[in-house]
């Protein structure tokens, strides 16, 4: 009895629609956390971006890798379990009801008429009538009373089940990505070679090119990047270097991992001198936007904020023109972590930082940003999406209906044919079709105008 009670509680909980909706809400919130919080970063990044208590909570709750966390995988498992219980305990019994007797006159959609003949012949003619119109006819006897059941699009009752199967396949595909897939980003300067983590592929950026088109709008001239292309040499698992081209929305495939053209920018090499002498430790690096370096023994730091391709020669300020013409860099200077200010420094000019230190942006180099992704679950997700869409189309555009037909003898060679109908979408959507069917059945049974007819149609 204890096991039965536990099983009943389990079915009642996981078969509850509100419980399933609550699980989806939690899943959506966890997914939103994964969108808001950058995934897979070094712990120091979170302490720099958030207050210390929030950063510690992110790390302790695995929100920095939420898609592989026990919370995320667990909620997916609970959703699948709830769908399974709902499918077999609620959906299947509701959409695939067993054949059973009904009280025809109590059904919202019913009709009846009298006709001449015996009951057996009437049932035979009814079966022939519905079979000729594509209905599946079955006969059953309940408590000594014979019933005829006619089903149309009965297989379409499984549309919801098909949709559920599609969702399960999609969930399996995404689970496969969480278990074996990965993604990341990499930025390469022109001429630079790097090895991609996890894939061990070696990529060299041979050349990067971009196109910018001026477009006149109501607010004035704007400059729109219309294309940027990376020409790379890639060495995969076979050890053979291959020259390939990466364009926006046209990734390359290297050993099953896709590499996308994601961004581009300008790396800048700075000449750092003290009392006129170059400091090689600081002058041999090419910085990307957002990177910084410390000035030894001063407490000062220099942050390379962004590259300004075109500087207005009169005002000395950056313009909206992204084409390289009179370029400069925007630097942010801080002292012991406290911002001092920003300064625009044209290329080949300099900024003095005091105590004999000078920083000169000497030259720039284009870099290309790539996103890479390995997702072995893509085929399953595609199949699941097709199955899900098929199930939804079946559910929305086909109308499974069941007719309950009972023939009773009301006198010598006199019978009464009573019919009722149900559908999975209510009664009103089938009202007109049911009326036409009963009229056609009455005519097929050769009802004369003098014969008594009893009808009640819903609505």
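The values are calculated or read from the model by the stated rules, or taken from the named source; none is laboratory data. None of these values were measured; they are calculated from a predicted model. Positions of Cβ are backbone-derived with ideal geometry, glycine not excepted, and every protein chain shown enters the neighbour counts.
Points to keep in mind about this one:
- Residue match in region 368-377 (condition: surrounded by fewer than 16 Cβ atoms within 10 Å (Cβ to Cβ), in contact with a strand residue (DSSP E or B) (Cβ under 6 Å, 6 or more places away or on another chain) and farther than 30 Å from residue 251 by Cβ): no
- Test: residue in region 104-117 that is within 42 Å of the chain's Cα centre (by Cα), assigned by TED's automatic domain parsing to the domain that holds residue 437 and farther than 21 Å from residue 161 by Cα: yes
- For the condition surrounded by fewer than 14 Cβ atoms within 10 Å (Cβ to Cβ) and modelled with pLDDT of 90 or more, residue 277 qualifies.
- Lone qualifier among 375, 312 - being assigned by TED's automatic domain parsing to the domain that holds residue 196 and under 46 Å from the mean Cα position of the chain (by Cα): 375
- Long-range neighbours under 8 Å by Cβ, at least six apart or interchain, first residue outside the structural domain of residue 274 (by TED's automatic domain parsing) and at positive phi within region 344-368, second surrounded by 16 or more Cβ atoms within 10 Å (Cβ to Cβ) and part of a loop (DSSP other than H, G, I, E, B): none
- Within region 139-164, tally of residues that are in a helix (DSSP H, G or I) and surrounded by 18 or more Cβ atoms within 10 Å (Cβ to Cβ): 9
- Counting only helices (runs of 4 or more DSSP H) wholly contained in region 43-128, the ones carrying 2 or more residues that are modelled with pLDDT under 85 occupy 43-49, 70-86, 92-95.
- Members of region 179-228 found to be exposed (fewer than 15 other Cβ atoms within 10 Å of the Cβ), touching a strand residue (DSSP E or B) at 6+ places or on another chain (Cβ under 9 Å) and outside any strand (DSSP E or B), listed by number: 180, 191, 197, 198
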